[in-house]
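Structure, as structure tokens:
The values are calculated or read from the model by the stated rules, or taken from the named source; none is laboratory data. Everything numeric here is computed off the predicted structure, so don't read it as measured data. Cβ sites come from the backbone with ideal geometry, for glycine too, and all protein chains shown count toward neighbours. Accessible surface is based on the protein model in full, side chains and every heavy atom, while ligands, DNA and RNA are left aside. Shrake-Rupley method; radii C 1.70, N 1.55, O 1.52, S 1.80 Å.
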Amino acid sequence: MKENVIEIFSSVQGEGKYAGCRQVFIRLEGCNISCRYCDTEHMTGKHDVCIVESVPGSHEYVEISNPMTAEAVAAEVKRFTDNVPHQAVSITGGEPLLHAEFVRELAKHVDVPVFLETNGTLPEKLKQVVDCVDIISMDIKLPSELNGKTYWAEHRDFLCTAKGKDIYCKIVLTQDTAKEEFEKACRIISDVDDTILLILQPVTPFGGAEPPSAKEMLQWQAEGLKFLKNVRVIPQTHVMMGQL
Ligand SMILES: C[S@@+](CC[C@H](N)C(=O)[O-])C[C@H]1O[C@@H](n2cnc3c(N)ncnc32)[C@H](O)[C@@H]1O
Ligand SMILES: Nc1nc2[nH]cc(C(=O)O)c2c(=O)[nH]1
Ligand code: SF4
Ligand SMILES: [Mg+2]
């Protein structure tokens, strides 16, 4: 089985619980939702080549024809991890769970922890891979960023499926985030397990979305701590550092 891979690169994990860790990033095509603030180009079918970093951290790239097999991608990951120790391989996108079979196949061929960066809206797909991923970063997507569309039931199902895994949740906060949707998100998480870590990620301005003020971020954190034991405020640190 083959998939189109957008890019493979080595960087510092910029978001969430493992911010600062050196990871290999595998970016897959396509997404099932459309967040106003999305900072990533992931259009399906637009990538006839995969952009691969020649040496981890070199910021020099070569092109490999798409589509790629999981084995070929795993060989690139090994090339990176033989050169520099990496804490994990992050499978991201786009929405990686659109390619659940490929994720499963890839996970079988890599010998570093598998980190899944997902929008938490495809619980049925998670069921196909949950036994072969090690870390799950699950976004909770708020209706204010999706023209009112909600994924509360999918998010709840997703969290229940991931019980027992190293999972944390992440919410991108903007000036348009409403108290009701934020509380609903916190309740869905705490109903499953109030010790699940929640990352509050102020939006990096994009698509017209602007971040809450510093003071408002503190208020969101205090609000989250009414429902959950562990709520951290962490921006996209890679953007701040000029890392990929
Ligand atoms: C590009 S998405 C790909 C993985 C998956 N589709 C998801 O949404 O989690 C990776 C992460 O980037 C973050 N992100 C995207 N655009 C952002 C922005 N403008 N500001 C802050 N975070 C952003 C989201 O939190 C998302 O979890
Ligand atoms: N450095 C770095 N960290 C990241 N964490 C999540 C990312 C993503 O686009 O999924 C990302 C990314 O694109 N770069
Ligand atoms: S789910 Fe992820 S990839 Fe899809 S639009 Fe939202 S931030 Fe972008
Ligand atoms: Mg990114």
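Quick look at the values:
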| item | result |
| --- | --- |
| Computed helical MRE - 222 nm, the chain, DSSP H runs ≥ 4 contributing -39500 (n - 2.57), nearest 500 | -8500 deg cm²/dmol |
| Calculated P(r) of the chain - Cα pairs past 22 Å, % | 52 percent |
| Rel. contact order, % - alpha carbon contacts under 8 angstrom, at least six apart, the chain | 19 percent |
| Solvent-accessible surface (1.4 angstrom probe) belonging to GLU105, in square angstrom, nearest 10 | 40 Å² |
| Chain lengthening between ASP134 and ASP191 when straightened (0.36 nm per residue, less Cα-Cα) | 18.3 nm |
| Cα gyration tensor shape of segment 13-84, rounded if a/c is under 1.5, else prolate or oblate by comparing a/b with b/c | oblate |
| Pair VAL84, ASN230: separation of 7 Å Cα→Cβ label points (nm) | 2.7 nm |
| Within the accessible area of the chain (1.4 Å probe), percent carbon and sulfur | 52 percent |
| 1.4 Å probe accessible area per residue over the chain, in Å² | 43 Å² |
| Probe 1.4 Å, all protein chains present, accessible-area order of ASP139, ASP131, ASP176, largest first | ASP131, ASP176, ASP139 |
| Most to least accessible of CYS31, CYS186 (protein chains only, probe 1.4 Å) | CYS31, CYS186 |
| Label-point separation, GLU124 to LEU218 (7 Å along Cα→Cβ), nm | 4.6 nm |
| When each of LYS17/LYS184; LYS78/LYS229; LYS127/LYS226; LYS149/LYS215; LYS17/LYS127 is checked by Cα-Cα distance, pairs over 26 Å | LYS78/LYS229; LYS127/LYS226; LYS149/LYS215 |
| Proximal lysines relative to LYS46, as straight alpha-carbon distance under 19 Å, when same-chain residues fewer than 8 apart are discounted | LYS2 |
| Förster-model FRET efficiency, 41 Å R0, THR44 and GLU183, C-beta, rounded to 0.05 | 0.75 |
| Segment SER58-GLU71, extension gain: residue separation times 0.36 nm, minus the distance between their alpha carbons | 2.4 nm |
